[in-house]
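Q: Sharing a structure below in structure tokens format, with a few things to ask.
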Amino acid sequence: MIDDKGLRSDGRRPDELRSIKLQVGVLHNANGSAYIEQGKNKIIAGVYGPREIHPKHLIISDRAAIRCRYRMAPFSTDERKHPAPSRREIEISKVIREALEPSVLSEYYPRTVIDIFIEALQCDGGTRCASIVAASLALADAGIPLKELVSSCSVGKVKGHVIVDLYDLEDKYGEADLPIALMPNHNLVTLIQMDGKLSKEEFDKAFNMALEACRKIRNLQNDALKRKYKLESDTEKPKDSKEEVK
Amino acid sequence: MSNKTAIKEKFVVPGSKIGVIEEFIAGQGTYEIDGVIYSQRIGDARTDSKYRTVSIRPKISPIYPLEGGEIIGVVEVVQEKLAVIKIIKIGNSVLSKPFTGFLHISASSPQYAKNMREICKPMDRIRAKIISTSGGIIRLMTSDHNLGVLKTFCSNCGYQLSLKRTVLKCERCKNIEKRKLARD
């Protein structure tokens, strides 16, 4: 999976991200939305709210509740995925919610709910990280006050090499996977999970690589928002605010 | 120094650093951590070097009931002293999902009203003002002249009531009813 030149099976260097396309405001009926293409991953996120919460027993009297639903489309993987929510989807919904919650200033909207819907249209590894990036952009697009945008990236180990932004094969056959989400300006980690084994030195190296990657993604997020809102304020609506960045 | 030269605007996104507390007083749409002022929203950061303030003029705000705002709602439940209003429009924005507000009899009319059913009845369209949103509970008032019932229906037959001089009369069953009407 790593050749003699130190390149990965898809031709990337160990510290190289897949190409990322970000687009904000893609859903007409959502309050905020975003679309991310990270390599072969294609994910769309929509935010609805703050709105009245139902059922009422979920009310939090001093802040807004945040609900998140991550879903993979049946056609998103090689083999058809059963459309019913799986254990994995329920778990990923929970970790995405917990990764985003520290960034949302939910105390401005007590007794309401902010709903986040994430649809993975095409999956190729690292969808939870890509979903966090898209959902954070969608929250900002909905006008919800945030401490900061959350950026996320996975790191891992393949054949003894620490690599960044694992795709499906590396995820499956690698020795470790470490998805990380953080608020780069405040240096706050909001998600960290680990599969497999890493030594202390490898972990430190992987963590630093993830920080660097998250900072790059954060810049792309800023650019995506600027593209939408700066162009909108110039009276002309963008025909296509998509931009590919490597 | 003139105001024009004192105010500067810069596009910011959530988490953008816009100054330090030694420079500016943190205003709306900002927050402060360890003496550094950050933006909460997407918008233009307005720094006023004359008054030493910084605030964000957001590009987008969620549609949310705010104190002092005017709403259009549908009366859902009427009790003796309280009515529950389903808010369907805030200002000029139509909500995709309604909020629930409460209208108490004491804030419903400038005159004394014994029972809330003299003010409004279920299914009435009502214009009201938000007097408080503390604790996320939306309290409404209709005691101003331009506030009150806009469209109402007969309690007997359900036909729309029409205003005949000062009373509301049903054209179909000739029933006469009382409401707190908006002036227009």
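The values are calculated or read from the model by the stated rules, or taken from the named source; none is laboratory data. Just so it is clear, the structure is predicted and the values come from calculations on it, not from any experiment. With ideal geometry, Cβ positions are generated from the backbone for all residues, glycine too; neighbour counts draw on all protein chains shown. The area values use the complete protein model at the heavy-atom level, side chains included, leaving out ligands, DNA and RNA. Shrake-Rupley method; radii C 1.70, N 1.55, O 1.52, S 1.80 Å.
Q: Working carefully through the options A:27, A:17, A:22, find the one that is under 18 Å from residue A:149 (Cβ atoms) and within 14 Å of another protein chain (Cβ to nearest Cβ).
A: Selected residue: A:22, the only one of A:27, A:17, A:22 that is under 18 Å from residue A:149 (Cβ atoms) and within 14 Å of another protein chain (Cβ to nearest Cβ).
Q: While we're looking at this one, here's another question. Evaluate the following for residue B:28: is it outside any strand (DSSP E or B), touching a residue at least 24 places away in the same chain (Cβ under 8 Å), of a type outside the set (Val, Ile, Thr) and more than 9 Å from chain A (Cβ to nearest Cβ)?
A: Yes; evaluated as a whole, the condition is true for this residue.
Q: Same structure, new question: Taking region B:96-127 as the region of interest, how many residues are open to solvent by 30 Å² or more (accessible area, probe 1.4 Å), not in a helix (DSSP H, G or I) and not small (Gly, Ala, Ser)?
A: Counting residues in region B:96-127 that are open to solvent by 30 Å² or more (accessible area, probe 1.4 Å), not in a helix (DSSP H, G or I) and not small (Gly, Ala, Ser) gives 15.
Q: Still on this structure, I have one more. Go through region B:128-139 and give me each residue that's open to solvent by 30 Å² or more (accessible area, probe 1.4 Å), of a type in the set (Val, Ile, Thr) and part of a strand (DSSP E or B).
A: Matches in region B:128-139: B:131 only.
Q: What is the one condition in (1) among the acidic types (Asp, Glu); (2) assigned to a loop (DSSP other than H, G, I, E, B); (3) open to solvent by less than 50 Å² (accessible area, probe 1.4 Å) that residue B:22 does not satisfy?
A: Tallying (1) among the acidic types (Asp, Glu); (2) assigned to a loop (DSSP other than H, G, I, E, B); (3) open to solvent by less than 50 Å² (accessible area, probe 1.4 Å), residue B:22 fails exactly one: (3).
Q: Please pick out the residue among B:164, B:151, B:169, B:97 that is closer than 19 Å to residue B:73 by Cβ, of a type in the set (D, E, K, R) and free of Cβ contacts under 8 Å to residues at least 24 places away in the same chain.
A: B:97
Q: Follow-up. Which of the numbered conditions does residue A:120 fail, given that it passes all the others? Conditions: (1) of a type in the set (Gly, Ala, Ser); (2) over 22 Å from residue A:40 (Cβ atoms); (3) in contact (Cβ under 8 Å) with a residue 60 or more places away in the chain.
A: Of the numbered conditions (1) of a type in the set (Gly, Ala, Ser); (2) over 22 Å from residue A:40 (Cβ atoms); (3) in contact (Cβ under 8 Å) with a residue 60 or more places away in the chain, the odd one out for residue A:120 is (2).
Q: So, of the residues in region A:24-38 that are touching a residue at least 24 places away in the same chain (Cβ under 8 Å) and out of contact with any Leu (no Cβ under 9 Å at 6 or more places or on another chain), which turns out to be least open to solvent (accessible area, probe 1.4 Å)?
A: Within region A:24-38, the match that is least open to solvent (accessible area, probe 1.4 Å) is A:30.
Q: Give region B:1-19 a look and list any residue that's facing another protein chain (nearest Cβ under 9 Å) and open to solvent by 20 Å² or more (accessible area, probe 1.4 Å), or say none.
A: Scanning region B:1-19 gives B:11, B:16, B:17.
Q: Show me the strands (runs of 3 or more DSSP E) found entirely inside region A:88-175 where at least 3 residues are away from chain B (no Cβ under 12 Å), in contact with a Pro (Cβ under 9 Å, 6 or more places away or on another chain) and β-branched (Val, Ile, Thr).
A: So the answer is A:161-164.
Q: Can I ask one more? Could you check residue B:41 against (1) under 23 Å from residue A:102 (Cβ atoms); (2) more than 9 Å from every other protein chain (Cβ to nearest Cβ) and say which number it fails?
A: Checking residue B:41 against (1) under 23 Å from residue A:102 (Cβ atoms); (2) more than 9 Å from every other protein chain (Cβ to nearest Cβ), the one that fails is (2).
Q: Here is a follow-up. Being under 14 Å from the mean Cα position of the chain (by Cα) and of a type outside the set (A, V, I, L, M, F, W, C), is that true of even one residue in region A:47-65?
A: no
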